[in-house]
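Below is one structure, written out as structure tokens, with a few remarks after it.
Only the coordinates and a few stated rules stand behind these numbers; no lab work does. Just so it is clear, the structure is predicted and the values come from calculations on it, not from any experiment. Here Cβ is always computed from backbone atoms with ideal geometry, including for glycine, and neighbour counts include all displayed protein chains.
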Amino acid sequence: MKEIFNRKAFNMIVTRFAPSPTGYMHIGNLRTALYSYLISKHEDGKFILRIEDTDRERLVEGATDVIKSTLRTTGLDYDEGPDVGGEHGPYVQSERKEIYMEYAKRLVDMGAAYYCFCSKERLEALHEEDAVGGYDRHCRNLPKEEVEARLRAGEPFVIRQKMPTEGTTSYTDMVFGEISMNNSELQDQILMKADGYPTYNFCHVVDDYLMGVTHVVRGSEYLTSTPKYVLLYDAFGWERPSYVHLPLLMGKNEDGSVSKLSKRHGAVSFADLVADGYLPEAIINYIALLGWCPKESESEFFTLDELRRAFTIDGVSKSPAVFDFEKLLWFNGEYIHKLDFDSFTELAAPFIKSDIPANVDREKMLRLLHTRISKLSELDDRMSFFITQPAYERELFLNKKNKIADFDIPRAVLTEALGLITPLTSFDNDSLFDALSSLAEKLGIKTGAVMWCIRIAVSGLAATPGGATEIMEVIGKDESIKRINSALSLLQ
RNA sequence: GGCCCGUUAGUCAAGCGGCUAAGACGCGGCCCUCUCAAGGCUGAGGCAUGGGUUCGAUUCCCGUACGGGUCACCA
């Protein structure tokens with residue numbers, strides 16, 4: 001049997017992310033990958049990507065590519081993996097099939113596992129008799145000769161782990177502490193399936209050992225099955241890895257209850273979020289804080305590099321965390337606002353679906369929008385009024401804060417404004433503001449009231465990104481005059 | 001149902017026997033202001049519950065309730 005270099009003994013940390021390619025990159029999986037990455041990288045250790053594709057029926061075409069591209073765009077670079085190679089490959093379990101059978105047989109020889117010939121029908125019958133029962137260990141003590149004869153006859157079989165019937169098995173988890181399970185709770189689980197593929201329960205143990213994984217990082221749903229894995233390490237005589245189980249990510253249901261984050265909670269795959277205009281950096285920052293808290297924190301903002309430095313396992317929480325889209329949105333807005341304008345323009349481009357007419361100054365428009373959106377997908381809606389003015393009611397001109405209680409003021413303001421801006425040769429924000437603010441004194445009202453009327457006229461909206469003069473600068477002189485004229489006719 | 005884990009405001013969370021129980025999102029108010037956003041200031045809101053242990057429990061122990069996970073030839 002292959003002996004592996006014990007990296008743990010040299011204080012080297014090796015973690016892995018081991019997803020099965022059965023769907024899209026769920027945000028919970030991403031967080032597991034992130035923590036796994038951070039735990040090793042905090043100590044300059046190794047991070048491995050391994051694809052667990054032993055469930056041949058659930059394979060989804062292209063799922064592995066999604067996993068790889070997600071890790072790439074989030075910066076969770078792996079040192080070993082399917083496409084980057086490494087000395088412990090292959091890194092796809094279906095390519096390691098023979099290895100598992102070899103180790104399983106070894107376990108049989110050692111008396112820690114056994115062949116089972118029970119049909120699926122028999123097992124189903126068993127379950128009907130006893131709803132909570134498991135396998136009745138029917139084949140556990142088959143005579144050696146019989147086993148060999150049936151094997152020779154080509155009977156289909158599985159290999160099951162022989163669990164101790166008494167006592168307890170415990171291990172220490174780095175987050176949850178000591179976990180003990182009564183051995184009577186452990187079933188003789190299947191290690192090798194009838195199709196010749198191993199189950200997760202078995203191959204992940206073999207692979208983690210062969211790949212020199214020192215810290216097994218995964219969701220807490222494995223907390224109670226880990227004793228079974230620990231028993232496998234013990235049977236082989238291998239040193240157990242350290243375990244780091246992570247609290248689950250939850251989603252809020254409409255009735256206020258919570259449950260494991262899933263599709264019903266909305267866009268929960270990384271790709272969904274990105275398509276909705278969230279930035280990868282913001283997503284990573286936010287999910288890093290779901291279930292982990294920095295020891296010395298002043299700020300909540302972390303780049304991947306800063307996370308690497310700050311991340312320690314004792315900051316990981318035990319209780320499940322509810323994924324809050326509101327806070328993610330806030331984080332995302334902060335990240336967008338901090339972008340320099342060129343980067344913003346570049347990232348925004350794919351989200352701009354509408355055609356921008358020639359009179360609209362695209363750059364100036366985007367500058368107004370840049371600091372006022374929280375996700376890129378808001379862009380198209382928010383900019384639409386620049387392109388075509390929405391229909392509005394004349395009541396929109398009324399505004400109590402600016403003391404506009406009737407239509408006389410807007411009518412006067414707009415009429416005067418027309419006269420002031422028509423002769424303007426430079427139609428920029430400053431010139432417009434200078435020209436129009438003089439109206440306040442002339443009409444005996446506040447500048448705010450003047451601008452309110454004009455802004456409503458040129459936008460048709462109660463709230464807009466930017467003020468009246470900024471909007472006029474974006475849509476240009478002709479369009480501004482046109483909109484003011486139509487406002488005037490609305491006010492007649 | 002058995003077993004395992006958890007429980008600080010609506011949410012994320014600090015806290016590790018003695019503090020007016022941090023901070024962030026969200027929410028309310030005020031300021032700023034050409035509306036909005038941003039920014040600044042400010043307010044409301046919390047240790048699930050009952051017993052212990054202790055001079056003293058949010059913090060330690062036990063029970064209860066609630067929540068979650070797990071009991072597959074899925075991972």
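Quick notes
- Size estimate for chain A follows the Kirkwood approach: the inverse of mean 1/r over distinct Cα pairs works out to 27.4 Å.
- FRET efficiency for A:D342 and A:F301, using Cβ-Cβ distance with R0 set to 30 Å, rounded to 0.05: 0.90
- Peptide ranges A:364-372, A:453-461, A:213-221, A:292-300 listed from the most packed, as the mean C-beta count within 10 angstrom indicates: A:453-461, A:213-221, A:364-372, A:292-300
- Using the Cβ-Cβ distance between A:V84 and A:T224 with R0 set to 25 Å, the FRET efficiency works out to roughly 0.15.
- Here the gap between A:N359 and A:E98, fully extended at 0.36 nm per residue and compared with their Cα-Cα distance, gives a gain of 87.2 nm.
- Charging the Cβ of each Asp and Glu at -1 and of each Lys and Arg at +1, and nothing else, the dipole of chain A about its Cα centre rounds to 420 debye.
- Couplings 3J(HN,Hα) for region A:244-256, derived from phi with the Karplus relation 6.51 cos²θ - 1.76 cosθ + 1.60 (θ = phi - 60°), are 10, 8, 9, x, 6, 9, 10, x, 8, 8, 5, 7, x Hz, where x marks Gly and Pro.
- Stretching A:K442 away from A:T73 to a fully extended chain increases their span by 127.1 nm, per 0.36 nm per residue minus the current alpha-carbon distance.
- Packing-based ranking, highest mean first, of A:67-79, A:432-444, A:38-50 given that Cβ atoms within 10 Å are counted: A:38-50, A:67-79, A:432-444
- Spin-label model distance (nm) - A:S170 vs A:D430, 7 Å beyond Cα toward Cβ: 7.6 nm
- In this simple spin-label model, placing a label point 7 Å from the Cα along the Cα-to-Cβ direction at both A:D55 and A:S384 gives a separation of 4.1 nm.
- Under-5 Å amide H pairs with A:F17, H placed in peptide plane, nonlocal only: A:I48, A:L49, A:R50
- Once the gyration tensor of the Cα atoms in region A:394-491 is diagonalised, the equivalent ellipsoid follows with semi-axes of 19, 14, 13 Å, ordered largest first.
- Pairs exceeding 18 Å between alpha-carbon atoms, taken from A:K327/A:K353; A:K105/A:K193; A:K41/A:K338; A:K162/A:K228; A:K68/A:K193: A:K327/A:K353; A:K41/A:K338; A:K68/A:K193.
- Chain lengthening between A:D276 and A:S489 when straightened (0.36 nm per residue, less Cα-Cα): 72.7 nm
- Lacking any other cysteine beta-carbon closer than 4.7 Å, the following Cys residues of chain A have no compatible partner: A:C118, A:C203, A:C293, A:C453.
- Dipole magnitude (debye, nearest 20) for region A:341-387, charges at Cβ of Lys, Arg, Asp, Glu: 140 debye
- Across region A:335-348, coupling constants 3J(HN,Hα) worked out from phi with the 6.51/-1.76/1.60 Karplus curve, θ = phi - 60°, read 5, 5, 5, 7, 4, 6, 4, 5, 5, 4, 4, 5, 5, 6 Hz, and Gly and Pro carry x.
- Distance between the pseudo-spin-label points of A:A405 and A:E121 (7 Å out from Cα toward the beta carbon): 9.0 nm.
- Reducing region A:383-403 and region A:237-278 to their Cα centroids gives an inter-centroid distance of 42 Å.
- Only one residue of A:L398, A:G476, A:I445 has its Cα farthest out toward the positive end of the dipole of region A:394-491, where Lys and Arg carry +1 and Asp and Glu -1 on Cβ, and that residue is A:L398.
- In degrees, nearest ten, helix A:97-109 long axis to first principal axis of chain A (Cα): 40 degrees
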